[in-house]
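Before any comments, here is the structure.
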Amino acid sequence: MKTLLWLQGLTCNGNTQSLLNAENPSFYELFSKIKLLFHPSISYRESFPLVLKKIKEEKIRLDILVVEGAVTADKNFCRIGNLSVPEVLDILSEKAQFIIAVGNCASYGNIPALFSKNPDVKGLQFRFTEKGGYFSPQFRTKSGYPVINITGCPIHPAWFTQTVLAIVENRKILLDKYNRPKELFMYLPHDGCIRNEYFEWKVESEEFGHKEGCLFYNLGCRGPMTHAPCNKILWNRISSKTRAGSPCFGCTEFDFPLRENYFETKKNIGIPEEVPLGVSKRAYITISGVAKTLKNERLLKKLEDTE
Ligand code: SF4
């Protein structure tokens, strides 16, 4: 049975909370296939120093090291037992077959890196978009993989369980340039959004929570520029932000939460400053202009007015 150890740095615990909501497999089903060696909030069997000693002495094997939260090389900061998190990381990174960074802070440093204003607060292998995390860009775990980043604030539990099960089943994990599993992060929240027809015909939503309209033009939706399968793997299996009438605010990207004005679309002479990924501004203006002119009468009606 593969083993997993969960470590926390500078974190709000959000990814742990998310993991507890896992379904299919659930938290308990997952950890009936994998041995959980330690988790700071959940552990019950053995104390961390004892587990660490056994791993160090190779009495137990560490297959998957999971890190939640940003890290810093400051040895007085973020301690676990008698050791600092960086001291623990140095020991465990030499033993782990795989390392997974869960959440934006562990992946890119994000909120702690931004608000501490300390350049030493980082993600595991990145600091925002730079390959300058706690570990060098060349760092590889024993399996040959770099740190696998599962981004999000928080992550969807299925993104984590699917990645862990791919490791357990010895499946190859293809990574994008930010070391995220492509199978999950090649999608955008725009893919599968039930407002796509409104987007195509440029029918705008006027208010948060409305069932009609797209949230891109006025309300700041980042669905077309964010890498995350939020409308493919639904939250609680039933919904997503855009389905509930809230714009996607790009919480899986490295620039979250650097941006301002989350709930409005920055425009220049009526044209969004950022257009959907893969589309030139010129193409976007042409297509949206045509759609607006042609009008789809069905979509212009409120749902309650339709027959
Ligand atoms: S609400 Fe957002 S994700 Fe949905 S279609 Fe509009 S831009 Fe795309």
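The values are calculated or read from the model by the stated rules, or taken from the named source; none is laboratory data. Remember, predicted model here, so these are calculated numbers, not experimental data. Every residue, glycine among them, receives a Cβ derived from its backbone with ideal geometry; neighbour counts consider all protein chains shown. Side chains included, ligands, DNA and RNA excluded: accessible areas come from the protein's heavy atoms. Shrake-Rupley method; radii C 1.70, N 1.55, O 1.52, S 1.80 Å.
List of remarks:
- Per-residue [θ]222 nm for the chain (sum of -39500 (n - 2.57) over DSSP H runs n ≥ 4, rounded to 500): -7000 deg cm²/dmol
- Beta bridges by DSSP in the range 1-130, antiparallel share as percent, to the nearest 5: 30 percent
- Sequence ranges 148-154, 48-54, ranked by mean other-Cβ count within 10 angstrom, highest first: 148-154, 48-54
- Computed log10 I(q)/I(0) for the range 64-166 at 0.18, 0.21, 0.24, 0.25 Å⁻¹: -0.82, -1.10, -1.36, -1.43, from the Debye equation with unit scatterers placed on every C-alpha and solvent omitted.
- Normalising by residue count, the range 2-185 has a Cα convex hull of 106 Å³ per residue.
- Evaluating 6.51 cos²θ - 1.76 cosθ + 1.60 at θ = phi - 60° for every residue in the range 12-27, the Karplus couplings come out as 9, 6, x, 6, 5, 4, 5, 4, 5, 8, 4, 9, 6, x, 7, 3 Hz, glycine and proline recorded as x.
- Here the range 188-302 is treated as a sphere whose radius is the Kirkwood value from Cα pairs; by Stokes-Einstein at 37 °C and 0.692 mPa s it diffuses with a coefficient of 228 µm²/s.
- In the distance distribution for the chain, Cα-Cα pairs more than 23 Å apart total 59 percent.
- Largest-first ellipsoid semi-axes for the range 141-212, taking √(5λ) over the Cα gyration tensor eigenvalues, angstrom: 34, 12, 11
- Per residue, the accessible area of the range 188-302 comes to 55 Å², computed with a 1.4 Å probe over protein heavy atoms only.
- Taking amide hydrogens as placed 1.01 Å from N in the peptide plane, the amide H of residue 3 sits under 5 Å from those of 35, 63, 64, each at least 5 positions away in sequence or on another chain.
- Solvent exposure of the range 2-185 amounts to 43 Å² per residue of accessible area, where only protein heavy atoms count and the probe is 1.4 Å.
- The chain, accessible surface, carbon-and-sulfur percent (1.4 angstrom probe): 53 percent
- Amide H contacts under 5 Å for residue 101: 67, 148, 149, 150, restricted to partners 5 or more places along the chain or on a different chain, H placed in the peptide plane at 1.01 Å from N.
- With the alpha-carbon atoms of the range 23-81 aligned to their principal axes, the span from lowest to highest coordinate is 39, 28, 19 Å, starting with the largest.
- Whichever lysines have a C-alpha closer than 16 Å to that of residue 266, once near sequence neighbours (fewer than 8 apart) are set aside: 281
- Long pairs among 2/56; 56/172; 75/122; 122/232; 131/177; 53/95, criterion Cα-Cα beyond 19 Å: 56/172; 122/232
- Of all aspartates and glutamates in the structure, the ones whose alpha carbon falls short of 18 Å from that of residue 182, not counting any fewer than 8 places away in one chain, are 169, 191, 253.
- When each of the peptides 82-88, 25-31, 136-142, 104-110 is scored by the mean number of other C-beta atoms lying within 10 Å of its residues, the order from highest to lowest reads 104-110, 82-88, 25-31, 136-142.
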